[in-house]
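The structure appears below as structure tokens.
The values are calculated or read from the model by the stated rules, or taken from the named source; none is laboratory data. The structure displayed is predicted, hence computed values, not measured ones. In this analysis, Cβ positions are derived from the backbone assuming ideal geometry, glycine residues included, and neighbour counts consider all displayed protein chains.
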Amino acid sequence: MITDKVLDNLPQEIRRRVEPYVEAVQLMTATNNAKVLRSMAPSGVRGLILQRGKQGVPTLMPSHHKVHFDWTYPNDQPEMRELYTRAKEQQWNGDDLPWHIDVDPENPEKQILSKQFMDFEALRSAGIRLTDLEERRLNSSVASWMLSQFLHGEQGALFAAAQVTEAVQFFDGKLYGSTQVVDEGRHVEVFHRYLDTKMNKLYQINDNLFVIIDALIQDSRWDVKFLGMQIMVEGLALGAFGTMYQMTKEPLLKELLKMVIQDEARHVHYGVLALRDHFRYELSESERREREDWAFEVALLMRNRFLSFEVYEEWFEHKLTRKEWAAFVTASPGFALFRQVMFKRLVPNLRDIGLMSDRIKPHYDRAGLMEYFGGASASQLSGDQMIAELDAA
Ligand SMILES: [Fe+2]
Ligand SMILES: [Fe+2]
């Protein structure tokens, strides 16, 4: 296999072309669980090597789940029924956001991400000097990139929510799921409107995000769809939205994120409810272990590889290697904060659904993620509490 050392000795131009493939192979051989490898590898090939998310429209994905009907309409899950009631009461209209606000992401007073988000000093020491305006533009590109990934994630969430509404066996879960489909449709609407009319820029889907969405949409097992979307992608998105909500000086985006966070808090709560007992009582130990390893793989995929390469390709492809860019982004204060807040939300949810056994803990520990183990999970925190916590921080 090509190692980092071999890569370092390649001429810049060849290295630039080979590096994404090497990353793909490293990703697909990172897990020791053969079942996880088998279920993730085809998505890895489609996302990282064939770059299906970047090959124009449409992207067609076959789905293989079973649609679960129940003609007796049982009240089987009181907590899900309560979430359904709350979701109906808390519906909102994206048109009511203050869209009249004039957004100028290059204005230092109204920047979407704070000036300290990127460490421009580190760029300078790598030989790249940007003017003040270029720094603000790069900052704005990163903000557009993040919001674009939020939007693409929301499209995945919209279809995954529809699939799990069909596939789940709890009737109260199906009713609740119908509200989530509406919520996700609204999130697609507002993020797209914001990018289209305020940022005038939309980035393509990040290859790693594509891999995760492809894997969960095509997996026939409802609980893997749930785990992928409701716990992993939504949990991480909740953290990312929260960080941006805290950081942004732009009032329209702040309001938009506040509304979206309250919906997402319900979605993650639903994921925890649906999976908690299923993982504990319904699965064999080897099935549970497979989910545990799958979740860890996805956590790593999001921690290590969600690094704005699409911005790199636009700005620095001929000036920095991917590795240098990755090191720069990983060390930047804004991304570090993102990672921290994302895992603060995610790890307690994994604990609550029984995917943090003593066997896997050392892996999370090595990845620096065990410090979040004792936090509150989604079933212990409402959307209002999350917003209050973010406002107080
Ligand atoms: Fe959403
Ligand atoms: Fe959601």
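Quick one: which residue in Ala157, Ala143, Ala167 is under 16 Å from Thr59 (Cβ atoms) and among the small types (Gly, Ala, Ser)? Before you say what the answer is, go through the steps one by one.
Details: Ala143 fails: under 16 Å from Thr59 (Cβ atoms); Ala167 fails: under 16 Å from Thr59 (Cβ atoms).
When all the criteria are applied, what remains is Ala157.
Which pairs turn up if I take residues in the range 363-382 that are in contact (Cβ under 8 Å) with a residue 40 or more places away in the chain and look for partners that are in a loop (DSSP other than H, G, I, E, B) and not aromatic (Phe, Trp, Tyr) with beta carbon separation below 8 Å, at least 6 apart in sequence or on another chain?
Tyr364/Met356
Can you name the condition, by its number, that Phe117 falls short on among (1) more than 26 Å from the chain's Cα centre (by Cα); (2) surrounded by 15 or more Cβ atoms within 10 Å (Cβ to Cβ)?
With respect to (1) more than 26 Å from the chain's Cα centre (by Cα); (2) surrounded by 15 or more Cβ atoms within 10 Å (Cβ to Cβ), Phe117 is out only on (1).
Return yes when Tyr84 is touching a residue at least 40 places away in the same chain (Cβ under 8 Å) and more than 27 Å from the chain's Cα centre (by Cα) and no when it is not. It would help to see each step written out before you state the result.
Values: touching a residue at least 40 places away in the same chain (Cβ under 8 Å): yes; more than 27 Å from the chain's Cα centre (by Cα): no.
No; evaluated as a whole, the condition is false for this residue.
Taking the range 316-353 only, how many residues are among the hydrophobic types (A, V, I, L, M, F, W, C), crowded, with 19+ Cβ neighbours inside 10 Å and either within 26 Å of Phe279 (Cβ to Cβ) or out of contact with any Asp or Glu (no Cβ under 8 Å at 6 or more places or on another chain) (or both)? Full working, then the answer.
First, the residues of the range 316-353 that are among the hydrophobic types (A, V, I, L, M, F, W, C): 316, 320, 325-329, 331, 335-338, 341-343, 346-347, 350, 353.
Among the residues that remain, those that are also crowded, with 19+ Cβ neighbours inside 10 Å are: 320, 325-326, 328-329, 335, 338, 341-343, 346-347, 350, 353.
Filter once more, keeping what is either within 26 Å of Phe279 (Cβ to Cβ) or out of contact with any Asp or Glu (no Cβ under 8 Å at 6 or more places or on another chain) (or both): 320, 325-326, 329, 335, 338, 341-343, 346-347, 350, 353.
Adding up the residues that qualify gives 13.
To keep it simple, each residue is scored yes or no on (1) in a loop (DSSP other than H, G, I, E, B); (2) free of Cβ contacts under 8 Å to residues at least 24 places away in the same chain; (3) not aliphatic (A, V, I, L, M).
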| position | (1), (2), (3) |
| --- | --- |
| His100 | yes, yes, yes |
| Gln116 | no, no, yes |
| Arg124 | no, yes, yes |
| Leu133 | no, no, no |
| Leu138 | no, no, no |
| Ser141 | no, no, yes |
| Gln149 | no, no, yes |
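I'd like to verify a number: residues in the range 150-186 that are away from ligand 1 (no atom under 11 Å from the Cβ), touching a Gly at 6+ places or on another chain (Cβ under 9 Å) and more than 19 Å from Tyr73 (Cβ to Cβ), how many?
So the count comes out to 2.
From the list Ala274, Ala265, which residue is of a type outside the set (D, E, K, R), away from ligand 1 (no atom under 16 Å from the Cβ) and either in contact with a Ser or Thr (Cβ under 6 Å, 6 or more places away or on another chain) or in a helix (DSSP H, G or I) (or both)?
Working: Ala265 fails: away from ligand 1 (no atom under 16 Å from the Cβ).
So the residue among Ala274, Ala265 that is of a type outside the set (D, E, K, R), away from ligand 1 (no atom under 16 Å from the Cβ) and either in contact with a Ser or Thr (Cβ under 6 Å, 6 or more places away or on another chain) or in a helix (DSSP H, G or I) (or both) is Ala274.
Could you list, in sequence order, all residues of the range 241-292 that are charged (D, E, K, R), away from ligand 2 (no atom under 16 Å from the Cβ) and either surrounded by 16 or more Cβ atoms within 10 Å (Cβ to Cβ) or modelled with pLDDT of 90 or more (or both)? Give the derivation first.
To start, the set of residues in the range 241-292 that are charged (D, E, K, R) comprises 249-250, 254-255, 258, 263-264, 266, 276-277, 280, 282, 285, 287-292.
If we keep only those that are away from ligand 2 (no atom under 16 Å from the Cβ) as well, we get 249-250, 254-255, 276-277, 280, 282, 285, 287-292.
Residues satisfying the conditions are Glu250, Lys254, Glu255, Arg276, Glu282, Glu285, Glu287, Arg288, Arg289, Glu290, Arg291, Glu292.
Restricting attention to the range 354-380, which residues are over 20 Å from Asp277 (Cβ atoms) and out of contact with any helix residue (DSSP H, G or I) (no Cβ under 7 Å at 6 or more places or on another chain)?
If the condition is that a residue be over 20 Å from Asp277 (Cβ atoms) and out of contact with any helix residue (DSSP H, G or I) (no Cβ under 7 Å at 6 or more places or on another chain), then Asp358, Arg359, Pro362, Asp365, Arg366, Gly368, Glu371, Gly374 are the ones that fit.
So how many residues does the range 183-239 have that are modelled with pLDDT of 95 or more, farther than 22 Å from Ser308 by Cβ, of a type outside the set (Val, Ile, Thr) and more than 16 Å from ligand 2 (Cβ to nearest atom)?
1
Checking the conditions here, which among Leu238, Leu202, Leu216 is away from ligand 1 (no atom under 12 Å from the Cβ) and either of a type in the set (Lys, Arg) or crowded, with 23+ Cβ neighbours inside 10 Å (or both)? Please lay out each step first, then the result.
Details: Leu238 fails: away from ligand 1 (no atom under 12 Å from the Cβ); Leu202 fails: either of a type in the set (Lys, Arg) or crowded, with 23+ Cβ neighbours inside 10 Å (or both).
Selected residue: Leu216, the only one of Leu238, Leu202, Leu216 that is away from ligand 1 (no atom under 12 Å from the Cβ) and either of a type in the set (Lys, Arg) or crowded, with 23+ Cβ neighbours inside 10 Å (or both).
Could you tell me whether the range 189-202 includes any residue that is on the phi < 0 side of the Ramachandran plot and outside any helix (DSSP H, G or I)?
Applying the first criterion (on the phi < 0 side of the Ramachandran plot) to the range 189-202 yields 189-199, 201-202.
Next cut, outside any helix (DSSP H, G or I) only: 201-202.
Yes, the conditions are met somewhere in the range 189-202.
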